[in-house]
Amino acid sequence: MKNPPALEQLIDSLRCLPGVGPKSAQRMAYYLLQRDRQGANGLALALNNALQVVDHCKLCNTFSEQPICPLCESAQRDKTVLCVVEMPTDLIMLENTRAYSGMYFVLMGRLSPLDGIGPKEIHLDRLIKRANDGVVTEVILATNYTVEGDATAHYISELLRARGIKVSRIARGMPMGGEIEYVDTGTLAQAMLERRSVFK
């Protein structure tokens, strides 16, 4: 016996979430329909609303409900320093350290040719334009210390170096193979404070 078509569609839709396979998606769908219809309705409304109102900041590329996010609008930020991170979660973690007061650019990913993610997919053209705006004097590469993160940092540093822009990389206070999202704020603050130039 098969599930009703609407239920099958829900299960298939839930499988788009990372780490959710067929059985997990089925369990979630059954739970929402059987035990928490109110929660399911709230989830549907919140998802629909987010899809309608959340876009990307035109300057830093993070998620925002406004064309320019509040962080980029702030007069308190140092506009001469630009920190490049992979994801919005990395930006939030760096902000929580209170060790950095410059601007950001969020790649929304990292170079991964095997997954079909190249320079275009992580908006490197926008990053180069932003770094070349005549205001930025230093770009800090705060990509994760993974194989893909290191490759992304190296690629970006080569592009920026060719344009005469000072580039630094956060220090390896980060554990090898670690991701910014999961590091404690003390370690992350130290990594930011002890960053060093990519080129000597």
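The values are calculated or read from the model by the stated rules, or taken from the named source; none is laboratory data. Everything quoted here is computed from the prediction, not taken from an experiment. Every residue, glycine among them, receives a Cβ derived from its backbone with ideal geometry; neighbour counts consider all protein chains shown.
Among the residues making up the range 113-164, those that are under 22 Å from residue 193 (Cα atoms), assigned to a helix (DSSP H, G or I) and within 15 Å of the chain's Cα centre (by Cα) are 149, 152, 153. Regarding the range 74-92, can at least one residue be identified that is touching a helix residue (DSSP H, G or I) at 6+ places or on another chain (Cβ under 8 Å), of a type outside the set (Gly, Ala, Ser) and free of Cβ contacts under 8 Å to residues at least 12 places away in the same chain? No, that holds for no residue. In the same structural domain as residue 82 (by TED's automatic domain parsing), more than 23 Å from residue 97 (Cα to Cα) and part of a helix (DSSP H, G or I): does that describe residue 181? In short, no.
A quick yes/no check of all residues on (1) modelled with pLDDT of 95 or more; (2) not in a helix (DSSP H, G or I):
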site	(1), (2)
68	yes, yes
79	yes, yes
84	yes, yes
89	yes, no
92	yes, no
103	yes, yes
109	no, yes
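For the range 126-141, the candidate set comprises residues that are of a type in the set (Lys, Arg) and out of contact with any strand residue (DSSP E or B) (no Cβ under 7 Å at 6 or more places or on another chain); within that set, the residue that is surrounded by the fewest Cβ atoms within 10 Å (Cβ to Cβ) is 129.
So for the range 164-176 (the condition being of a type outside the set (Phe, Trp, Tyr), assigned by TED's automatic domain parsing to the domain that holds residue 109, within 18 Å of residue 61 (Cα to Cα) and in contact with an Asp or Glu (Cβ under 8 Å, 6 or more places away or on another chain)), does at least one residue qualify? No, the range 164-176 has no match at all.
Among the residues of the range 94-125, the one identified as of a type in the set (Lys, Arg), surrounded by fewer than 19 Cβ atoms within 10 Å (Cβ to Cβ) and in contact (Cβ under 8 Å) with a residue 24 or more places away in the chain is 98.
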